[in-house]
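In what follows, a single structure is set out as C-alpha cells and then discussed.
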Amino acid sequence: MVWTEKHRPRSLNEIIGNEEAKLELVRWLRNWEEGKSDFPGILLVGPPGIGKTTAVHALANDFSYHVVELNASEYRTAEKIYEKLGSLGRSYTLERYFTGRERRIIVFFDEIDGIDPKEDRGGLDAVIEIAGKRDFPVVAAANVPDPQKHKKLFELFKVVEFRQLTPKHIIILLKRIVEREGLKIDYEIIKKIAERARGDARLAINMLQAASLGIPVESISQSLENLPLDELLRRLSSSISYYEIKQLIDANSSLWEDVIYTYFDIIARSPVLKFDAKIQLLDALSKIDIYLGRMNKERQFFYLRYLSHLIAWLIYNANRSGAVYDGRIPEYRLYKFVFNRDAREEFTELSEALGRSIHESRRKFTLYTLPTFCKLVKRKYSKLCEWVKKVYGW
Amino acid sequence: MQYMKIRYGETFSIPRRLGNLFREVVRIKGVEYIKGKGFIVRDYYALSNLNKILARLGLILTPEVRCFICGKYVDCEKCEFRNNCKRDVTICICDDCLNNKNILNIYLAKQNKFLGLKLSSSQK
C-alpha cells in the first residue's frame with residue numbers, strides 16, 4: 001500500500017505543519033456552527049502536497065461531519081453542481097427517515113481554481129450561492145487561484161493560506177512514519193529527504209517509502225510533477241515502461257498540448273521510423289488531438305483519465321519504434337510566440353482602419369461586419385477571383 | 001530588495017517614505033499605525049497584504065519565527081536547512097526541541113492544546 005494513503009492523518013491533531021492555518025480552519029467552523037461567522041465559506045490556498053485536502057477530511061472527522069467532495073475537473077457548471085447536491089439532499093433525507101440518524105455534511109470543492117468564471121457556465125456563482133444559503137459549511141481548495149478571475153470568491157470566502165512545510169516539520173513527519181513502520185533508517189537519510197522534498201509532504205513520504213526499499217535518495221529526489229517541458233520530453237522519450245510514461249503524463253497534465261505537438265514533430269521528422277509506423281502513430285496522434293480539442297470545447301474534463309492512457313500509449317509505441325526526442329524546438333512553438341503576436345497586431349490595425357472607413361467601431365466591425373464579409377467572399381469566391389484578375393491582372 | 005524582520009503585535013517603523021501608499025497600508029485589516037510609535041501587524045495574512053504594497057518600494061517584511069514547542073525565537077540564518085527552506089513561515093521547530101527523542105509526542109500534545117481539539121484514544 002502507498003504510504004501517503006496508509007499514513008494519511010485522520011485528525012487535525014495528526015497533521016504536521018501549517019499550525020496557524022489549521023487553527024483558522026477550526027475557528028471558522030466553530031463560528032459557522034454558532035452562526036457567528038462573517039464568511040459563508042472558507043478557501044484554502046496553497047501548493048500541492050501540503051495537506052489541504054487532508055486537512056478538510058481531518059476537520060470533518062474531528063467535528064463528525066461527512067465530506068461531500070466535488071472536484072472541479074468533474075463538476076464545473078452550475079447545472080452539474082446543483083444536480084449533485086440536489087440528489088445528495090434527497091439521499092440524506094431518505095437515510096434520516098430510515099435510520100433516524102442525521103449526518104451533517106461539509107461540501108468540499110477541490111481544485112476550485114480550475115473553474116473558469118466565464119467559460120464554465122455559472123459554476124463559481126453556484127458555489128457562492130450554495131455557501132450563501134448556509135445550509136452546510138462549504139470549503140474550497142485551490143492551488144493557484146487568480147485574484148482577478150476569482151474575485152468574488154476572494155471577497156466572500158475566508159482565505160486561509162497553506163504554506164510549504166519546513167524541512168524540520170518534514171523530519172517530524174518522517175520520524176512518525178519510521179516509528180509506525182518499525183523501520184531502521186539512518187537520521188542522515190531522513191534529513192536528506194527533508195532537504196530535497198522542498199516542502200512537499202507527499203513527495204517526502206514517497207521518497208521515504210522508496211528509501212525503505214533500498215533505493216538511493218539521490219535517484220528519487222526529483223518530483224514527477226510540474227517538470228519543465230524539455231525535461232518532461234527527455235524523460236518521456238527515454239522511458240521504456242508504459243507505467244512510467246503514464247505516471248509522467250498524469251503528473252504533468254498542463255503540458256499535454258505541448259507534448260502532443262512536439263511528438264507530432266518527432267514522429268513526422270524521424271528518419272528511423274518506417275512509413276507504416278509513421279502512419280499508425282500520426283493517426284493515433286490526430287485522434288488524440290481531436291479528443292483533446294473536443295474536451296476543451298465542451299469543458300468535459302472528466303474524460304482526461306481516458307485521454308492520458310491514449311497519450312501514454314502513443315508515446316510508448318513511438319519510443320518502441322525508435323522515435324527519439326533530440327531537444328529540437330518544434331516550429332509551432334516559435335509560431336505561437338512570434339506569428340501570433342504579429343498577426344494579432346496586424347489584425348487589430350486592419351480592423352480599426354476598415355471599421356473607421358465604414359463608420360463602425362473596431363469591436364462592431366470584428367464581431368458583425370467581418371464575419372458577413374467573409375461569408376460573402378466565400379460564396380462568391382470565383383467572382384471575386386475574376387474581379388481581382390481583371391483589375392490587378394493576377 | 002531589502003528584507004526586514006518584524007514581530008507580530010509589536011511596533012516597528014518602516015525605513016522608507018510611504019507617501020501616497022500610507023493610506024493603502026493602514027486600510028489593510030490587521031495593520032495598525034500608532035502615531036509616534038509605528039506600525040503593528042497582527043497576523044500573517046495582514047503581513048502578506050502589506051508586503052504586496054511594500055514590494056513596490058523594494059522592501060519585504062519577514063516575520064520572526066518562533067518555535068512551536070518552546071516558543072523561543074528561531075534564527076533562520078543559523079539553521080542547517082536555511083538553503084532548502086522558503087522561510088515564509090512564522091512557526092518552526094528549534095534545534096533543541098527537534099533533537100528531543102520524544103519530539104513527536106510533544107508536538108502532538110502541543111498541537112492539541114493549540115487547536116483546542118479533544119484527543120481520541122488512538123492518538124494519545
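The values are calculated or read from the model by the stated rules, or taken from the named source; none is laboratory data. Just so you know, these numbers come straight off a predicted model, no measurement behind them. A quick note on method: Cβ atoms are made from the backbone with ideal geometry, for glycine too, and the neighbour counts reach across all protein chains shown. All accessible areas refer to the heavy atoms of the entire protein, side chains included, with ligands and DNA or RNA removed. Shrake-Rupley method; radii C 1.70, N 1.55, O 1.52, S 1.80 Å.
Structure notes:
- Qualifying residue in the stretch A:251-265 (condition: more than 25 Å from the chain's Cα centre (by Cα) and among the small types (G, A, S)): no
- Candidate set: the stretch A:11-40, residues that are among the basic types (K, R) and closer than 29 Å to B:R87 by Cβ; chosen: the one nearest to the other protein chains (Cβ to nearest Cβ): A:K22
- For the stretch A:217-246, a residue qualifies if it is at pLDDT 75 or above, outside any loop (DSSP other than H, G, I, E, B) and crowded, with 17+ Cβ neighbours inside 10 Å, and the qualifying residues are A:L232, A:L233, A:R235, A:L236, A:S237, A:I245, A:K246.
- B:T90 among the polar types (S, T, N, Q), within 22 Å of A:L43 (Cβ to Cβ) and at pLDDT below 85: yes
- Residue-level analysis places A:S321 among those that are modelled with pLDDT of 85 or more, closer than 28 Å to A:I245 by Cβ, over 26 Å from the mean Cα position of the chain (by Cα) and of a type in the set (G, A, S).
- Positions within the stretch A:61-90 being among the small types (G, A, S) and either closer than 13 Å to A:G123 by Cα or at pLDDT below 75 (or both), in sequence order: A:A72, A:S73, A:A78, A:G86, A:S87, A:G89
- Within the stretch B:57-78, being without any contact (Cβ under 8 Å) to a residue 24 or more places away in the chain, at the interface with chain A (Cβ under 10 Å from one of its Cβ atoms) and not aliphatic (A, V, I, L, M) holds for one residue alone: B:C76.
- The set of residues from the stretch A:1-10 being buried (at least 17 other Cβ atoms within 10 Å of the Cβ) and either within 11 Å of another protein chain (Cβ to nearest Cβ) or touching a Phe, Trp or Tyr at 6+ places or on another chain (Cβ under 6 Å) (or both) comprises just one member, A:P9.
- Single unsatisfied condition, B:L54 versus (1) within 19 Å of the chain's Cα centre (by Cα); (2) without any contact (Cβ under 8 Å) to a residue 40 or more places away in the chain: (2)
- Subset of the stretch A:270-295 (residues that are over 17 Å from A:D258 (Cα atoms) and open to solvent by 40 Å² or more (accessible area, probe 1.4 Å)): A:P271, A:V272, A:K274, A:F275, A:D276, A:K278, A:I279, A:Q280, A:D283
- Scanning the stretch A:189-216 for residues that are modelled with pLDDT under 85, open to solvent by 40 Å² or more (accessible area, probe 1.4 Å) and within 14 Å of chain B (Cβ to nearest Cβ) yields A:R196, A:R198.
Residue-wise test of (1) within 14 Å of another protein chain (Cβ to nearest Cβ); (2) within 24 Å of B:L98 (Cα to Cα); (3) basic (K, R).
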site: B:T11; (1), (2), (3): no, no, no
site: B:R17; (1), (2), (3): no, no, yes
site: B:L21; (1), (2), (3): no, no, no
site: B:F39; (1), (2), (3): no, no, no
site: B:A55; (1), (2), (3): no, no, no
site: B:E80; (1), (2), (3): yes, yes, no
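- Test: residue in the stretch A:158-176 that is of a type in the set (A, V, I, L, M, F, W, C), more than 20 Å from A:V67 (Cα to Cα) and away from chain B (no Cβ under 14 Å): no
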